[in-house]
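Data first, discussion second: the structure below is written as structure tokens.
The values are calculated or read from the model by the stated rules, or taken from the named source; none is laboratory data. Here the structure is a predicted model, which is why all the values come from computation and not from measurement. Please note: Cβ atoms are built from the backbone with ideal geometry, for glycine as well, and neighbour counts cover all protein chains shown. Protein only, heavy atoms only, side chains kept; ligands, DNA and RNA dropped before computing areas. Shrake-Rupley method; radii C 1.70, N 1.55, O 1.52, S 1.80 Å.
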Amino acid sequence: MKYYFNPLTYVVAAALSFFAVQQALAQTTLNEVVVKTGKIRDAATSAEVGSAEIAAQHAVTRDTASLLQDIPGVHLYGAGGVSSLPVIHGLADDRLRITIDGMDFISSCANHMNPPLSYLDPGNVAKIKVYAGISPVSVGGDSIGGTIVAETAAPQFAAPGQRSLIKGEVGSFYRSNNNAIGGNLSATLANEFFSINYSGAITTADNYKAGGNFKTTTATGRPGHTLPLDEVGSTAYKSLTHTVGIALRADNHLLEAKLGYQNVPYQFYPNQRMDMLDNEQKRINVRYLGQYNWGTFDSRVYYEAVDHYMNFGDDKQLVYGTAVNGMPMYSRGRTLGFNLKSDVELTRDDLLRVGALYQHYTLRDWWPPSGTGAMSPLDFENINHGKRDRLGFFAEWERYFNPQWTTLLGARYEHLETDADNVHGYGNMMGNQIPDSAAFNAHGHKRKDDNVDLTALARYTPNNMLDLELGLARKVRTPNLYERYTWSTWGMAAIMNNFVGDGNGYVGNMDLKPEKAYTAALTIDLHAAEREWEVKATPYFTYVDDYVDAIRIPGATTNNQFVVLRYANHSAYLYGVDLSGRAVLAKTSLGEFGVRGLMNYTRGENKKTGDDLYNIMPLNGKLTFTHQYSSWSNAIELVGATRKNDVSSVRNEIHTKGYFLTNLRTSYTWKNIRVDLGVENLFDRLYYLPLGGAYTGQGMTMGINGIPYGIAVPGMGRSVYAGLNIKF
């Protein structure tokens, strides 16, 4: 395979240009390194989950994506216990840009079991910022649904004159329903110029139980192993994460390196045919940040290595007849990236952001032979030496006209190339492997895309009680390698390529075009002058040209079973509204009483076929009554959703019933100690996750219809939790 495009040349040139500019413009130094943010980019267009909100969730969840559930417009696709996939306005997974400390990770798994946020434990997160729908080009790129920016803690240094800084934190938690237990530890040692930090976490959990019986069989296909009718199979997991950070500071310069390691010995999936039986990620991220009289320069280079293994977990049948003993599946992903950004203060009222990005990603996905029958004698090459190169540049101008008007205009260009080598199956005639691979190999595989993003935002503040923000955007995403280069129509192979959890099989389409989304959104923010109460409403509309949807392969006509689908470009639209608000109800001698709430509605439709888009959250909401008395905090949460009737017919998507849940929370904080107690799903309701997908958590999952169809994944029943966190 020959590559004629060498983006590294342009990246090196861009890096040299940036360094030349920053050195030429550097004339004065500042006392500390601080990245300045604009007046509009971090206003109504974004929401942030900070350290206080994250601390309140430490005992509730170890799934970092779950930290986003109180942000209007954000929901979660169900997946493994620490690997949920965020959704923004009906667009999920690779349709979002998700960065961790400025690094863009790509899921190296045919089932997307290792999404970016799964590599962070909540205890290692300092803050997460979400740009829903309209995201500035400076944080966007290769996405159409929004941006999620997660950051670990910034390096800490001793104060001037202080000899050393030693501090740390240790925590633990327990949840009763699935016997989840874990702990986290962090420690920092620093002087005024040097800092070293370690943070680590471990968590383990058994299968969880629903609020009642939701299935009719206890069989798992494993001799002597059954599951109770209320136990949700394939929901156990174990995860270990470690991060070491080293930083040097001198005047207005910061140089830091972070090394991360994660190992997941097992994470089972209730909505996938396979389970993750080992996942190892190693990463290094080196950053330089400098502040000058003209603005800031931020650069980083990072490398990620992922080795991933899947097979059938404890609750799924392993042996099929006498010929097949499991189905080993391996994937190997490698990512090298550069990210360069500068904020240039043109005038007191004008801020220019410019930047460049390069990412080189390679993937090998192969399935070794198993036994001597249909899955032998060769490796099944699902994606053979796949490649995805991405090179981008952006410029963004923010203008402060007066206290009432601020605008932001931005443009971004990205060039993407994807490619893969020829493939073959197990080497036998089973399931059309030979004709399918021959058809795939007969065509050239290299694809090139030139994508342009545009964003315009205007913020108007007529008085101290009202903010209005209007945004328009064009966003483009190139399909991922699994969407373009998976090739087998054999049902057994196709169902192993599924990252939406609907139980169906998927076949790639190397001629898929990039998705092009056109979005308009208006945010109305009405509030008290001192923000003692506020109400926000954000209606939005998105039209997507060349939306990557699915069509059935010939012969897949059944409407009450799992089927095989092929990715295809269609046009689609999504629209909806996010509502949120909060208020202080009373301040008394017994403390402060308040209320906060949110409600979301999203609708999505395939314009070409008239079918509903897959996995769109129905009308839903949350109402929380809060009480704060000194260091004691309490909350009663009421969470609900209506019945999901708008479902994807082509996928035979499962309807879910409406539900209403009650959660109780309390916490007490001393100077350095925090204790959390609570009950989730207080009344032990049986309910089904609207975005949880189809239940494939037990039994003969290798056969496309070897398990019952029509069961949605249920949510967790009643669970009591407790958490303890100590700072030193």
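Out of the residues in the stretch 51-70 meeting the condition of being in a helix (DSSP H, G or I) and of a type in the set (G, A, S), tell me which one is most open to solvent (accessible area, probe 1.4 Å).
By that ranking, first place goes to S51.
Can you report the number of residues in the stretch 551-608 which are more than 31 Å from the chain's Cα centre (by Cα), farther than 24 Å from N645 by Cα and in a loop (DSSP other than H, G, I, E, B)?
4
For the stretch 659-710, which residues satisfy the criterion of being open to solvent by less than 40 Å² (accessible area, probe 1.4 Å), assigned to a loop (DSSP other than H, G, I, E, B) and either of a type in the set (S, T, N, Q) or within 19 Å of N620 (Cα to Cα) (or both)?
Scanning the stretch 659-710 gives N681, Y687, P690, L691, G692, G693, T696, Q698, T701.
Answer with yes or no whether Y261 is crowded, with 23+ Cβ neighbours inside 10 Å, touching a residue at least 12 places away in the same chain (Cβ under 8 Å) and hydroxyl-bearing (S, T, Y).
No, not satisfied.
Within the stretch 232-253, work out how many residues are in a strand (DSSP E or B) and open to solvent by less than 20 Å² (accessible area, probe 1.4 Å).
Qualifying residue count for the region: 6.
Could you tell me whether the stretch 632-645 includes any residue that is open to solvent by 20 Å² or more (accessible area, probe 1.4 Å) and small (G, A, S)?
yes
Residues that are open to solvent by less than 60 Å² (accessible area, probe 1.4 Å), farther than 30 Å from R531 by Cα and not basic (K, R): does the stretch 585-603 have at least one?
No, there is no match, as no residue in the stretch 585-603 is open to solvent by less than 60 Å² (accessible area, probe 1.4 Å), farther than 30 Å from R531 by Cα and not basic (K, R).
Do you know which of the residues in the stretch 712-728 that are surrounded by fewer than 18 Cβ atoms within 10 Å (Cβ to Cβ) and part of a loop (DSSP other than H, G, I, E, B) is farthest from the chain's Cα centre (by Cα)?
F728
Would you tally the residues in the stretch 50-90 being over 14 Å from the mean Cα position of the chain (by Cα) and without any contact (Cβ under 8 Å) to a residue 60 or more places away in the chain?
2
State which residue pairs qualify: first residue more than 25 Å from D421 (Cα to Cα) and inside the stretch 378-402, second residue among the small types (G, A, S) and modelled with pLDDT under 95 in any location, beta carbons under 8 Å apart, and separation of 6 or more residues or different chains.
Final answer for the pair search is F393/A14; E398/G38.
Being over 30 Å from G431 (Cα atoms) and at pLDDT 95 or above, is that true of even one residue in the stretch 690-706?
Yes: the stretch 690-706 contains one or more residues that are over 30 Å from G431 (Cα atoms) and at pLDDT 95 or above.
Scanning for something within 24 Å of A79 (Cα to Cα) and either among the polar types (S, T, N, Q) or buried (at least 20 other Cβ atoms within 10 Å of the Cβ) (or both), does the stretch 153-170 turn up at least one residue?
no
Within the stretch 204-218, can you find the residues that are in contact with a strand residue (DSSP E or B) (Cβ under 6 Å, 6 or more places away or on another chain) and surrounded by 16 or more Cβ atoms within 10 Å (Cβ to Cβ)?
Scanning the stretch 204-218 gives T204, A205, N207, K209, A210, F214.
For residues that are in a loop (DSSP other than H, G, I, E, B) and surrounded by fewer than 22 Cβ atoms within 10 Å (Cβ to Cβ), tally how many sit in the stretch 371-413.
Total satisfying the criteria: 12.
Residues G313, G333: which one is at pLDDT 95 or above, part of a loop (DSSP other than H, G, I, E, B), closer than 30 Å to K238 by Cβ and open to solvent by less than 20 Å² (accessible area, probe 1.4 Å)?
None of the others qualify; the one that does is G313.
Of all the strands (runs of 3 or more DSSP E) wholly in the stretch 91-206, which have at least 2 residues that are free of Cβ contacts under 8 Å to residues at least 40 places away in the same chain?
Once the strands (runs of 3 or more DSSP E) in the stretch 91-206 are filtered for at least 2 residues that are free of Cβ contacts under 8 Å to residues at least 40 places away in the same chain, what remains is 165-175, 180-190, 194-205.
Any residue in the stretch 626-635 that is within 26 Å of the chain's Cα centre (by Cα) and under 28 Å from V87 (Cα atoms)?
no
What number goes with the only condition from (1) assigned to a loop (DSSP other than H, G, I, E, B); (2) over 30 Å from M329 (Cβ atoms) that K475 does not pass?
Among (1) assigned to a loop (DSSP other than H, G, I, E, B); (2) over 30 Å from M329 (Cβ atoms), K475 violates only (1).
Could you please tell me which pairs satisfy a Cβ distance under 6 Å, a separation of 6+ or placement on different chains, a first residue in the stretch 475-490 that is in contact (Cβ under 8 Å) with a residue 40 or more places away in the chain and over 19 Å from G392 (Cα atoms), and a second residue that is open to solvent by 10 Å² or more (accessible area, probe 1.4 Å) and of a type in the set (D, E)?
If the second residue must be open to solvent by 10 Å² or more (accessible area, probe 1.4 Å) and of a type in the set (D, E), the pairs left are W487/D436; S488/D436; T489/D436.
Is it true that some residue in the stretch 339-358 is basic (K, R), within 20 Å of H308 (Cβ to Cβ) and open to solvent by 10 Å² or more (accessible area, probe 1.4 Å)?
No: zero hits.
Mind listing whichever residues of the stretch 635-657 are farther than 30 Å from F593 by Cα and assigned to a strand (DSSP E or B)?
Residues satisfying the conditions are K644, T656.
Among the residues of the stretch 501-550, which ones are part of a loop (DSSP other than H, G, I, E, B) and open to solvent by less than 30 Å² (accessible area, probe 1.4 Å)?
G501, D502, G503, N504, G508, M510, L512, P514, A528
Determine whether the stretch 74-88 contains at least one residue that is open to solvent by 40 Å² or more (accessible area, probe 1.4 Å) and either modelled with pLDDT under 90 or not hydrophobic (A, V, I, L, M, F, W, C) (or both).
No: zero hits.
Residues in the stretch 359-369 that are surrounded by fewer than 22 Cβ atoms within 10 Å (Cβ to Cβ) and either small (G, A, S) or more than 19 Å from D101 (Cβ to Cβ) (or both): how many?
Qualifying residue count, the stretch 359-369: 5.
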